[in-house]
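Colleague: Structure incoming, see below.
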Amino acid sequence: MLDNVFPDQIFYRVAEPWMWETPVNAAEEALVEKAVDKRKREFRAGRHAAHALFREVGADCPALLRGMQREPGWPAGWTGSISHTSGICMAAIASTSKYASLGVDVEQATPLKPDILDMICSKDEQVHLRDIGRLAGAGAALDKLVFSAKESVHKTYFPLNGHTLDFLDARIELDWGNKTFSAFILNPEAKPRRPIRQLQGRFLFYGEWVVTCIALPA
Ligand SMILES: CC(C)(COP(=O)(O)OP(=O)(O)OC[C@H]1O[C@@H](n2cnc3c(N)ncnc32)[C@H](O)[C@@H]1OP(=O)(O)O)[C@@H](O)C(=O)NCCC(=O)NCCS
């Protein structure tokens, strides 16, 4: 089922239980040396899942360090994305000959807290979600889906531009039937390195989670 959310030529892996528990290599461990246990577990799960993917494709990735923010420093010729939340962690990678950047996000499929809704979704998006809600049925956590889609926008956009968009700097439009979404970048920074007006993504309600993935073609 997860295959539906990852376009062709993307390799993905859900972390196995041992991956959460087992330390990674020394260079990566140093990045979470002072972190609390929960953070160490999720970090290790993501790193092990990514390393398993590099083994699968036969590419060299001795250590997956990080860049200016927390973004993983993917080896030359590869891009990818990591996400973790309670009970699940996944990593995805792709060759940069196919995709310029990936954004993957997984969240608990529960509604956003009402007090943050206005920070995440514009009034127009909230109207759109009410319309889609008629198709999706009561109980679908559509606002969390939009939150996840925007996190995927950030993970796709930041590595290319080194800029953090605000949640209201993008507008998400859902296609419920096809389980896809469009993300329109409404308020980019001045002179982005890689101007992006629109990104295309896929979503999936998967067990107790919602998963989103954006893959920007090379
Ligand atoms: C960074 C952020 C996206 C993390 O999201 P989260 O749901 O809390 O956590 P997730 O587990 O899904 O993702 C964390 C992983 O994302 C990756 N990540 C972190 N910062 C990143 C960045 N700037 N660019 C790309 N990937 C990044 C890392 O791999 C990280 O895991 P790791 O530290 O174990 O390697 C989020 O905390 C954040 O800062 N969001 C604000 C920016 C934003 O989303 N704007 C909306 C734009 S429309």
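Colleague: Condition first: acidic (D, E), more than 15 Å from S101 (Cα to Cα) and at pLDDT 95 or above. Can you find one or more residues in segment 189-208 that meet it?
Modeller: Keep residues of segment 189-208 that are acidic (D, E), which gives 189, 208.
Those left that are additionally more than 15 Å from S101 (Cα to Cα): 189, 208.
When the remaining residues are screened for being at pLDDT 95 or above, the result is 189, 208.
Yes.
Colleague: Okay, next question. Considering each of K150, K155, K144, K179 in turn, give the residue that is more than 8 Å from the ligand (Cβ to nearest atom) and out of contact with any Leu (no Cβ under 6 Å at 6 or more places or on another chain).
Modeller: Numbers: K150 fails: more than 8 Å from the ligand (Cβ to nearest atom); K155 fails: more than 8 Å from the ligand (Cβ to nearest atom); K144 fails: out of contact with any Leu (no Cβ under 6 Å at 6 or more places or on another chain).
After ruling out the rest, the residue left standing is K179.
Colleague: Here's a check for you: in segment 50-68, which residue that is near the ligand (Cβ under 10 Å from one of its atoms) and open to solvent by less than 30 Å² (accessible area, probe 1.4 Å) is farthest from the chain's Cα centre (by Cα)?
Modeller: Among residues in segment 50-68 that are near the ligand (Cβ under 10 Å from one of its atoms) and open to solvent by less than 30 Å² (accessible area, probe 1.4 Å), the one farthest from the chain's Cα centre (by Cα) is L64.
Colleague: For the structure I just gave you, tell me whether A100 is outside the structural domain of P159 (by TED's automatic domain parsing), of a type in the set (A, V, I, L, M, F, W, C), modelled with pLDDT of 95 or more and loosely packed, with under 12 Cβ neighbours inside 10 Å. Reasoning before the result, please.
Modeller: Values: outside the structural domain of P159 (by TED's automatic domain parsing): yes; of a type in the set (A, V, I, L, M, F, W, C): yes; modelled with pLDDT of 95 or more: yes; loosely packed, with under 12 Cβ neighbours inside 10 Å: no.
No: the conditions fail for A100.
Colleague: Hey, another quick one. Which ones in segment 161-185 are in contact (Cβ under 8 Å) with a residue 40 or more places away in the chain and not in a helix (DSSP H, G or I)? Before the answer, list the steps.
Modeller: Step one: filter segment 161-185 for residues in contact (Cβ under 8 Å) with a residue 40 or more places away in the chain, giving 162, 164, 167-168, 171-174, 176-177, 179.
Scanning segment 161-185 gives G162, T164, R171, I172, E173, L174, W176, G177, K179.
Conditions (1) surrounded by fewer than 12 Cβ atoms within 10 Å (Cβ to Cβ); (2) over 16 Å from the mean Cα position of the chain (by Cα); (3) assigned to a helix (DSSP H, G or I), marked per residue:
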residue	(1), (2), (3)
R70	yes, no, no
A76	yes, yes, no
A94	no, no, no
V106	no, no, no
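Colleague: While we're here: Give L112, L102, L64 a once-over and let me know the one that is assigned to a strand (DSSP E or B) and touching a Lys or Arg at 6+ places or on another chain (Cβ under 8 Å).
Modeller: On the way: L112 fails: assigned to a strand (DSSP E or B); L64 fails: assigned to a strand (DSSP E or B).
The match here is L102.
Colleague: So which of L174, L160 is closer than 24 Å to S83 by Cα, open to solvent by less than 20 Å² (accessible area, probe 1.4 Å), among the aliphatic types (A, V, I, L, M) and more than 8 Å from the ligand (Cβ to nearest atom)? Show your work before the answer.
Modeller: Working: L160 fails: open to solvent by less than 20 Å² (accessible area, probe 1.4 Å).
Of the residues listed, the single one that is closer than 24 Å to S83 by Cα, open to solvent by less than 20 Å² (accessible area, probe 1.4 Å), among the aliphatic types (A, V, I, L, M) and more than 8 Å from the ligand (Cβ to nearest atom) is L174.
Colleague: Hey, another quick one. Looking only at segment 3-30, which residues are in a helix (DSSP H, G or I) and out of contact with any Leu (no Cβ under 7 Å at 6 or more places or on another chain)? Explain how you work it out, then say what you get.
Modeller: Going through segment 3-30, the residues in a helix (DSSP H, G or I) turn out to be 3-5, 17-21, 26-30.
Selection gives D3, P17, W18, M19, W20, E21, A26, E29, A30.
Colleague: Also, I was wondering about something else. Which of the residues belonging to segment 14-23 are surrounded by 21 or more Cβ atoms within 10 Å (Cβ to Cβ) and either at pLDDT below 95 or under 20 Å from W78 (Cα atoms) (or both)? First the steps, then the outcome.
Modeller: First pass over segment 14-23, keeping only residues surrounded by 21 or more Cβ atoms within 10 Å (Cβ to Cβ): 15, 19.
Result: A15, single match.
Colleague: Does at least one position in segment 118-136 carry a residue that is within 22 Å of M90 (Cβ to Cβ) and open to solvent by 30 Å² or more (accessible area, probe 1.4 Å)?
Modeller: Looking through segment 118-136, none of the residues is within 22 Å of M90 (Cβ to Cβ) and open to solvent by 30 Å² or more (accessible area, probe 1.4 Å).
Colleague: Kindly list the number of the only condition in (1) of a type in the set (D, E, K, R); (2) open to solvent by 40 Å² or more (accessible area, probe 1.4 Å); (3) more than 17 Å from E71 (Cβ to Cβ) that fails for R44.
Modeller: Tallying (1) of a type in the set (D, E, K, R); (2) open to solvent by 40 Å² or more (accessible area, probe 1.4 Å); (3) more than 17 Å from E71 (Cβ to Cβ), R44 fails exactly one: (2).
Colleague: Give just the number: which of (1) over 15 Å from the mean Cα position of the chain (by Cα); (2) open to solvent by less than 50 Å² (accessible area, probe 1.4 Å); (3) β-branched (V, I, T) does T110 not satisfy?
Modeller: (2)
The values are calculated or read from the model by the stated rules, or taken from the named source; none is laboratory data. Nothing here was measured: the structure is a model prediction, and the numbers come from that model. Please note: Cβ atoms are built from the backbone with ideal geometry, for glycine as well, and neighbour counts cover all protein chains shown. Areas reflect the complete protein model, heavy atoms only, side chains present, ligands, DNA and RNA absent. Shrake-Rupley method; radii C 1.70, N 1.55, O 1.52, S 1.80 Å.
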